[in-house]
Amino acid sequence: MNVEIGASSVQGTASAPPSKSYTHRAILAAGYADGAIVEDPLWSADTQATAGAVEAFGGTVERKANGDLSVTGFGGTPAVPDDVIDCENSGTTMRLVTAAAALADGKTVLTGDSSLRSRPHGPLLDAIEQLGGTAESTRGNGQAPLVVGGPIAGGTASIPGDVSSQFVTALLMAGAVTESGVDVDLKTELKSAPYVDVTREVLADFGVETAEVDGGYEVRGGQRYDPDGGSYAVPGDFSSMSYLLAAGAVAAPDGLTVTGARPSAQGDSAIVDILESMGADLGWDRDAGTIDVEQSRLSGVEVGVADTPDLLPTIAVLGAIGDGTTEIVDAEHVRYKETDRVSAMAEELEKLGASVTELEDELHVHGGESDLVGATVDGRGDHRVIMSLAIAGLVADGTTEITGAEHVDVSFPGFFDAMYDLGADVTRLSD
């Protein structure tokens with residue numbers, strides 16, 4: 001599906017979807033438990049892949065009429081799957097499930113689509129072998145398909161911290177149900193550290209204790225996943241919220257209100273501070289969970305995305321629309337997402353008339369030298385690239401056509417409906 005976005009203004013109230021990051025962790029945590037209700041989850045292509053993995057390990061995931069998920073878990077002991085686990089396009093699923101597979105008494109095979117099969121998993125495979133399991137890439141390059149064998153009993157795993165924080169998340173979640181627990185020793189500085197904070201927050205809500213120690217993290221073995229009251233409620237997603245807030249800051253002269261913005265451990269809540277630093281007229285009522293934002297004159301800033309890689313596409317678009325130059329730094333790891341988001345945003349924004357300088361681990365967007373004009377841009381099969389380009393389309397002169405727009409289903413299935421309801425000029429086209 002392709003989508004056309006015409007220059008237009010937005011106003012009204014929109015609600016961000018539930019957090020994808022929290023939903024992944026909650027579904028798998030409920031799988032590690034005897035079972036639980038996951039309230040208000042994001043039911044998207046990615047999170048359905050995680051639900052499918054729970055079922056492959058012997059659990060069940062039933063979606064109720066109100067959207068909640070009723071999960072029957074595998075009680076900390078995953079069965080050897082009857083078939084290959086297909087993680088689709090979800091890197092989070094692949095990493096978290098790879099560690100879960102190391103608990104099974106046998107071999108598990110995991111794969112995904114062509115994009116996922118290009119993403120690195122080598123450090124996690126090494127960690128599993130350090131813990132006594134077997135783990136290999138069928139092509140010997142650290143990329144899926146993966147073959148994982150267990151069961152592991154726990155121990156110490158030494159891994160780099162600058163590839164993916166999801167390796168730490170995976171080991172902590174699996175380590176809680178091992179016999180002796182897992183100590184994660186980080187050989188390099190941890191990137192995307194707030195995502196580990198999210199993991200630890202979810203684990204605590206499921207009754208699992210973790211600790212940050214000098215040089216890494218540890219989780220005691222023999223723990224039981226058991227959320228208070230048998231249920232867990234997923235908070236709103238700040239990654240998805242960033243597009244709505246950006247839309248308000250560039251195209252809402254009469255203001256826009258975003259609901260579902262209750263504080264949590266999500267690193268991407270930094271979008272609020274970033275917008276304010278760029279000059280956005282914005283107010284956050286944390287108790288009510290609402291953010292009011294209106295169209296403002298934005299100015300370029302320097303932003304580090306070491307801990308918030310998913311915000312790079314949004315920041316890049318804001319930089320193209322604002323005055324001056326926006327320098328996005330500490331960004332090399334953003335190249336290893338669903339696509340190379342650094343190059344993707346540079347190339348697609350240039351099609352729209354933006355002036356961009358791409359460096360190895362930085363992206364500079366020269367808003368003062370940019371005049372955005374509608375064009376056909378490639379969504380790259382990446383939900384975050386697509387939604388960011390849609391925000392650019394709100395202010396580009398003429399019409400912007402985004403190819404492959406159906407991929408927003410990965411994290412924000414109702415994104416284009418939400419934009420239309422806010423008054424954006426949105427037209428769905430055939431491929």
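The numbers here are math on the coordinates, done by the rules we state, and not lab data. No experiment lies behind these values; they were computed from the predicted model shown. Reconstructed Cβ throughout: ideal geometry from the backbone, glycine too, with neighbour counts over all protein chains shown.
Counting only the backbone N, which residues of the stretch 405-431 are under 15 Å from the spot 7 Å out from the Cα of residue 8 toward its beta-carbon?
Of the residues in the stretch 405-431, 415-429 have backbone N under 15 Å from the label point off residue 8.
Sum up the charges of everything whose Cβ sits under 15 Å from the Cβ of residue 203, counting Lys and Arg as +1 and Asp and Glu as -1, but leave residue 203 out.
Once all neighbours under 15 Å are counted, the net charge is -4.
Between beta-carbons, use under 9 Å as the cut-off and find the net charge around residue 68, counting Lys and Arg +1, Asp and Glu -1.
Taking every Cβ under 9 Å from that of residue 68, the sum is 0.
Decide, for the stretch 20-233, between rounded, prolate and oblate: order the square roots of the alpha carbon gyration tensor eigenvalues as a ≥ b ≥ c, take rounded if a/c falls under 1.5, and otherwise choose prolate if a/b is larger than b/c, else oblate.
Because its axes are fairly even, with a/c under 1.5, the stretch 20-233 counts as rounded.
State whether the stretch 260-314 is rounded, prolate or oblate according to the following rule on the C-alpha gyration tensor (a ≥ b ≥ c being the square roots of its eigenvalues): a/c under 1.5 gives rounded; otherwise a/b larger than b/c gives prolate, and the remaining case gives oblate.
oblate
Between residue 292 and residue 273, what length in nm is gained on full extension when 0.36 nm per residue of separation is reduced by their alpha carbon distance?
This chain segment gains 5.5 nm when fully extended.
Where the centroid of each part is defined by its Cα atoms, how far is the stretch 92-133 from the stretch 214-255 in Å?
Their Cα centres are 24 Å away from one another.
State the extension gain, in nm to one decimal, for the chain segment bounded by residue 65 and residue 204, taking 0.36 nm per residue of separation less the distance between their alpha-carbons.
Using 0.36 nm per residue and subtracting the Cα-Cα distance, I get 47.3 nm.
Where does the charge balance sit around residue 416 when Lys and Arg score +1, Asp and Glu -1, over other residues with C-beta under 11 Å from its C-beta?
Every neighbour counted, the sum reads -4.
About its Cα centre, how strong a charge dipole does the chain have in debye, to the nearest 20, once Lys and Arg get +1 and Asp and Glu get -1 at the Cβ?
The calculated dipole for the chain is roughly 920 debye.
Can you compute the label reach from residue 429? Point 7 Å from Cα along the Cβ direction, backbone N cut-off under 19 Å, restricted to the stretch 1-40.
1-8
For the pairs 64/337; 107/337; 20/187, flag any whose C-alpha to C-alpha distance is greater than 30 Å.
64/337
Calculate, for residue 420 and residue 113, the FRET efficiency according to 1/(1 + (r/R0)^6) with r their C-beta to C-beta distance and R0 22 Å; round to the nearest 0.05.
Working from the Cβ atoms, E equals 0.20.
Where the centroid of each part is defined by its Cα atoms, how far is the stretch 274-324 from the stretch 331-384 in Å?
Cα centres, the stretch 274-324 to the stretch 331-384: 17 Å.
Among 15, 242, which comes first, second and so on when ranked by fewest other beta-carbon atoms within 10 Å?
Going from least to most buried by this count: 15, 242.
With +1 on each Lys and Arg Cβ and -1 on each Asp and Glu Cβ, how big is the dipole of the stretch 263-334 about its Cα centre, in debye rounded to the nearest 20?
120
Given 0.36 nm per residue, what is the gain on full extension from residue 259 to residue 77 after removing their alpha carbon distance, in nm?
Taking residue 259 through residue 77 to full extension adds about 61.7 nm, to one decimal.
Restricting things to Cα coordinates, could you compute the convex hull volume per residue of the chain in Å³?
127
Helix 45-56 against the longest principal axis of the chain: what's the angle in degrees, Cα atoms only, rounded to the nearest 10?
The helix 45-56 is inclined about 10 degrees to the chain.
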